[in-house]
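A short reminder: the numbers here are calculations on the coordinates, not readings from a lab. Bear in mind that the values here come from a model prediction, so they are computed numbers and not experimental data. Using ideal geometry, Cβ is built from the backbone for each residue, glycine included, and neighbour counts are taken over all protein chains shown.
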Amino acid sequence: MTTKHSPLPWRHVGTDGGWDGIADRDNSLLFKCAYNEPSNCDFVALAVNSHADLLAACKDALEFIESPTPAKSGIGIEAKLKEAIERAEGKQ
């Protein structure tokens, strides 16, 4: 499934009137977060921005698990999984 969405990365921004929001790469405001809940904006941006890496790492891991010759296809999967997890946890 391919869904069009606003360009990445998304980021937490302050808006006029004291609201926090999410803006895309082009600095277009996508939506406002609940008033006084900036941590929700941070979480949404982190989840959206790490989605593609997590999905790719999971697909590679599944391909490795299902491969009849896993020793040949598993090179780099552990590192890719660790990097995707670190990004999703906000450590990168």
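Among the listed values [x] 109; [y] 132; [z] 161, the one matching volume of the Cα convex hull per residue in Å³ as calculated from this structure is [x]. Placing +1 on each Lys and Arg Cβ and -1 on each Asp and Glu Cβ, with no other charges, gives the chain a dipole about its Cα centre of roughly 180 debye.
Applying a 4.7 Å cutoff between beta carbons, the unpaired cysteines of the chain are 58.
A simple spin-label model places pseudo-atoms 7 Å from Cα toward Cβ; at residue 56 and residue 69 they are separated by 2.5 nm. Dividing the helix sum by the residues of the chain, where each DSSP H run of 4 or more adds -39500 (n - 2.57), gives a mean residue ellipticity at 222 nm of -16000 deg cm²/dmol. Counting only residues at least eight positions apart within a chain, or on another chain, the lysines with an alpha carbon under 23 Å from that of residue 4 are 32, 59.
Remark on residue 30: its backbone amide H falls under 5 Å from those of 22, 23, 24, a criterion applied only to residues 5 or more positions apart or on other chains, H modelled at 1.01 Å from N. Nearest 10 degrees, 0 to 90: what angle lies between the long axis of helix 77-88 and the longest principal axis of the chain (Cα atoms)? Computed tilt is about 10 degrees.
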